[in-house]
Amino acid sequence: MSTQDTGLRSDGAKACAWGPFLRANGGLVALAVILIFNILVTPNFVQMQTLFVNISQVATIAIVAMGMTLVIATGGIDLSVGAIMALSGALAPLIFLSEFGQAYPALGIAAAIVVPLIAAIACGLFNGILVANLKVQPIIATLILFISGRGIAQVLTNGNLQTFSNPTFSYLGTGKVLGLPFQGWLALVIAAVLFWVMTRTTFGRYVLAIGGNERAAELSGGPVKRVKIGVYMICGVLSGLAGLIVVAINSASDAARNGNLMELDAIAAAVVGGALLQGGRAPIFGAILGAVIIQLVKYTLLANGVEDEVALIAKALIILAAVYVQQARKE
Amino acid sequence: MLDTDAFDLRKYLSRNPQSVAVWVALVALILFGLLRYDNFGGAYNITSFLNYNSMFIVISVGMCFVIMTGGIDLSVGSVAAFTSVIAAYLSPYGIEIALPGAVLAGIGFGAFNAFCIIAMRIPPFIATLATMLGAKGGALVISGAQTISVDWGSNFTKMGMEKALNILPWSIVVVGVVVVLLWFVLEKTTLGRTVLAIGGGADASVLMGLKVNRATAFVYMLSGGCAGLAGVILASGFGAGQPLEGIGWELSAIASVVVGGTLLTGGLGSVTATVAGALLLGLVFNILNFENGRGTISFSAYWQMVIRGVFLFAVILFQARVMSGRTERKVRT
């Protein structure tokens with residue numbers, strides 16, 4: 001990226017030589033600062049328990065943020081991720097608590113994972129067709145499901161909290177592999193796959209090409225529509241998965257709260273991780289980094305007795321700072 | 001977009017094809033309601049409907065200006081929650097202090113948005129997203145996460161609960177005046193033209209020597225101020241400052257604007273059609289309530305969101321077809 005310092009106004013506090021370095025590695029520097037601060041200040045921070053809690057909470061944000069990163073890379077945005085989480089999260093207990101699910105537990109669990117994911121993919125397909133074929137702006141196209149998706153979930157469950165006790169299903173959210181939460185490993189596997197897709201496949205190339213210059217991508221004969229629909233479907237299925245994990249963690253599905261405000265966390269994580277809103281960049285591991293930073297800030301403030309509401313303001317400032325730094329880098 | 005001649009329905013519709021849908025749907029829904037329910041056209045339903053929806057109308061109109069410049073303001077719901085708390089704190093001094101105070105607070109948030117967007121060059125989506133989080137946090141901090149009861153002794157609650165000349169609630173009168181003023185600004189002033197020009201092409205507008213930054217700052221401060229007014233109506237209508245309210249208002253407002261036919265890419269828009277859009281979305285709720293009241297079917301509150309979404313979907317489909325027809329015609333001539 002550009003290392004010119006012209007046109008920058010407010011990097012006053014940082015020495016000139018540090019400017020480019022900070023801009024290129026801002027996320028990592030921020031992470032290091034937060035970690036050092038926590039080690040010095042937060043009581044009982046350096047413990048396995050802390051790591052465990054944070055990983056199990058950050059995984060859902062990271063998974064959704066990776067899907068959001070792909071959508072943003074095409075120059076789009078997906079506001080419906082939280083609603084899709086609620087929908088898939090509401091479907092799962094409905095299925096394995098049904099008569100069929102009780103009669104055939106193994107099949108029931110399989111269906112309770114597959115069917116919600118298919119529903120989530122269908123939601124993504126809906127968004128994608130609106131954006132790619134009908135040329136509706138992404139904010140508006142995904143606004144439809146943002147508004148009605150959670151409503152559908154609440155209609156399905158009648159607005160009731162569904163509680164259950166099902167160790168097999170709960171493994172998604174409470175299982176451990178090598179002592180660390182299952183969903184953390186799942187997030188890493190997804191990241192590896194998406195990283196491979198973005199760097200080694202034509203699909204990935206086209207995602208970036210569309211974000212860079214959609215018209216050019218189309219004129220050069222690229223399958224622009226299919227690729228666009230594809231990213232919304234990927235974002236949909238990842239949101240659906242995150243919804244299942246949240247339900248598994250809680251052993252309960254609350255359609256009103258599952259994934260509430262997740263779109264903001266996911267967009268923030270993607271942007272902090274280095275995704276450009278104009279499209280053309282898809283830092284998959286950046287999305288994880290962004291999610292970790294947002295989670296750690298939340299944790300740091302809570303662990304030090306700062307109220308939740310102040311944490312919101314902190315999150316706002318992080319987003320502004322991240323985009324401002326990014327903006328400067330682009331110029 | 002600027003009709004200078006007298007109002008002519010046919011001319012209006014031919015110039016605003018994207019706004020046809022909302023008027024047709026609104027009239028159809030009102031007729032449906034009048035024919036089907038006894039009390040639908042009654043004074044009580046009309047005033048309570050307008051009273052509740054005046055908040056959404058004023059926010060939607062502010063949003064309409066932002067969207068016409070090609071921007072977006074996600075902070076309006078949180079700002080309304082914040083200003084409702086401010087209004088509640090100021091209520092002992094009467095409406096003449098509380099109203100301007102809360103509106104000023106809203107304008108302050110709008111100014112912050114404008115600063116981030118113009119001076120820091122942060123995209124509107126992100127800048128107003130941050131303000132949304134910040135204002136929500138701020139509202140919870142200053143209120144201690146409690147609803148703040150207003151002073152019932154002062155004249156503050158008149159605004160939301162009493163009627164001017166015993167006909168219309170004050171909130172509707174105030175919002176009506178704001179809407180007429182803003183209609184005038186958009187259709188008849190240089191500022192209004194500049195707003196539309198920015199949406200048509202910001203760079204071209206700068207090259208034409210239009211005061212783009214000033215107009216951009218204006219629309220965000222206007223949107224903030226409108227959210228502030230909505231906050232006052234909220235506090236005065238419900239008797240309390242409500243830091244937890246306003247969730248999803250920005251999206252309802254965007255939906256109203258879009259349903260009204262304003263293009264999200266900017267450059268085109270109408271204050272009246274936006275009001276119609278807000279009324280239409282509100283009417284969906286109203287009619288569902290009546291339908292539930294008849295007892296033949298029972299739609300839970302959750303259905304309302306689903307039906308709203310379907311409505312939005314239908315209007316967007318319609319718009320997509322009308323607009324694609326329009327651009328094709330343009331190409332040919």
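Data for the structure
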read-out	value
Matching residues, region A:53-80, being touching an Asp or Glu at 6+ places or on another chain (Cβ under 6 Å), within 14 Å of chain B (Cβ to nearest Cβ) and either surrounded by fewer than 24 Cβ atoms within 10 Å (Cβ to Cβ) or over 20 Å from residue A:212 (Cα atoms) (or both)	A:79
Region A:23-55 - residue that is assigned to a helix (DSSP H, G or I) and of a type in the set (Phe, Trp, Tyr) and, of those, farthest from the chain's Cα centre (by Cα)	A:37
Inter-residue pairs, beta-carbon under 8 Å, first more than 8 Å from chain A (Cβ to nearest Cβ) and in region B:238-257, second of a type in the set (Asp, Glu), 6+ apart	B:250/B:73
Check on residue A:270, within 14 Å of another protein chain (Cβ to nearest Cβ) and either at pLDDT 85 or above or surrounded by fewer than 24 Cβ atoms within 10 Å (Cβ to Cβ) (or both)	yes
Residues of region B:87-110 that turn out to be within 30 Å of residue A:271 (Cβ to Cβ) and either among the hydrophobic types (A, V, I, L, M, F, W, C) or within 14 Å of chain A (Cβ to nearest Cβ) (or both), as a count	3
Check on residue B:204, more than 19 Å from the chain's Cα centre (by Cα) and either of a type in the set (Gly, Ala, Ser) or more than 17 Å from residue B:182 (Cβ to Cβ) (or both)	yes
Matching residues in region A:306-320 - criterion: being facing chain B (nearest Cβ under 7 Å), among the β-branched types (Val, Ile, Thr) and surrounded by 18 or more Cβ atoms within 10 Å (Cβ to Cβ)	A:313, A:319
Where residue B:116 falls short, out of the listed (1) at pLDDT below 90; (2) buried (at least 16 other Cβ atoms within 10 Å of the Cβ)	(1)
Residue check for residue B:113: polar (S, T, N, Q) and more than 14 Å from chain A (Cβ to nearest Cβ)	no
Residue within region B:72-82 that is more than 14 Å from chain A (Cβ to nearest Cβ) and either assigned to a helix (DSSP H, G or I) or at pLDDT 90 or above (or both) present	yes
Unmet criterion (only one of (1) at pLDDT below 90; (2) within 22 Å of residue A:163 (Cβ to Cβ); (3) not β-branched (Val, Ile, Thr)) for residue A:79	(2)
Whichever residue in region A:144-164 is surrounded by fewer than 19 Cβ atoms within 10 Å (Cβ to Cβ) and modelled with pLDDT of 80 or more and, among such residues, is nearest to the other protein chains (Cβ to nearest Cβ)	A:158
Only listed residue being within 24 Å of the chain's Cα centre (by Cα) and away from chain B (no Cβ under 14 Å), chosen from A:105, A:167, A:116, A:138	A:116
Residue A:37, sole failed condition from (1) touching a Ser or Thr at 6+ places or on another chain (Cβ under 8 Å); (2) closer than 25 Å to residue A:127 by Cα; (3) surrounded by fewer than 24 Cβ atoms within 10 Å (Cβ to Cβ)	(2)
Residue among A:136, A:155 that is free of Cβ contacts under 8 Å to residues at least 12 places away in the same chain and more than 19 Å from residue A:70 (Cα to Cα)	A:155
Residue pairs meeting the criteria (Cβ under 7 Å; at least 6 apart or on separate chains; first farther than 17 Å from residue A:87 by Cβ, in region A:228-242; second outside any helix (DSSP H, G or I) and of a type outside the set (Phe, Trp, Tyr))	A:228/A:74; A:231/A:74
Qualifying residue in region A:226-233 (condition: under 22 Å from the mean Cα position of the chain (by Cα), crowded, with 20+ Cβ neighbours inside 10 Å, within 14 Å of chain B (Cβ to nearest Cβ) and hydrophobic (A, V, I, L, M, F, W, C))	no
Breaking point among (1) buried (at least 17 other Cβ atoms within 10 Å of the Cβ); (2) modelled with pLDDT under 85; (3) hydrophobic (A, V, I, L, M, F, W, C), for residue B:107	(2)
Unique match (being modelled with pLDDT under 85 and under 15 Å from residue A:81 (Cβ atoms)) among A:280, A:259, A:290	A:259
Matching residues, region A:214-227, being free of Cβ contacts under 8 Å to residues at least 12 places away in the same chain and not basic (Lys, Arg)	A:216, A:217, A:218, A:219, A:220, A:221
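Residues are listed down the side, and each one gets a yes or a no for (1) in a helix (DSSP H, G or I); (2) among the small types (Gly, Ala, Ser); (3) free of Cβ contacts under 8 Å to residues at least 24 places away in the same chain:
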{"position": "A:276", "(1), (2), (3)": "no, no, no"}
{"position": "A:279", "(1), (2), (3)": "no, yes, no"}
{"position": "A:288", "(1), (2), (3)": "yes, no, no"}
{"position": "A:295", "(1), (2), (3)": "yes, no, no"}
{"position": "A:310", "(1), (2), (3)": "yes, no, yes"}
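For (1) at the interface with chain A (Cβ under 8 Å from one of its Cβ atoms); (2) surrounded by fewer than 23 Cβ atoms within 10 Å (Cβ to Cβ), each residue gets a yes or a no:
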| residue | (1), (2) |
| --- | --- |
| B:127 | yes, no |
| B:135 | no, no |
| B:141 | yes, yes |
| B:147 | no, yes |
| B:158 | no, yes |
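The values are calculated or read from the model by the stated rules, or taken from the named source; none is laboratory data. Because the structure is predicted, anything quoted here is derived from the model rather than measured. Because the Cβ atoms are built from the backbone with ideal geometry, glycine has one as well, and the counts that use them run over all protein chains shown.
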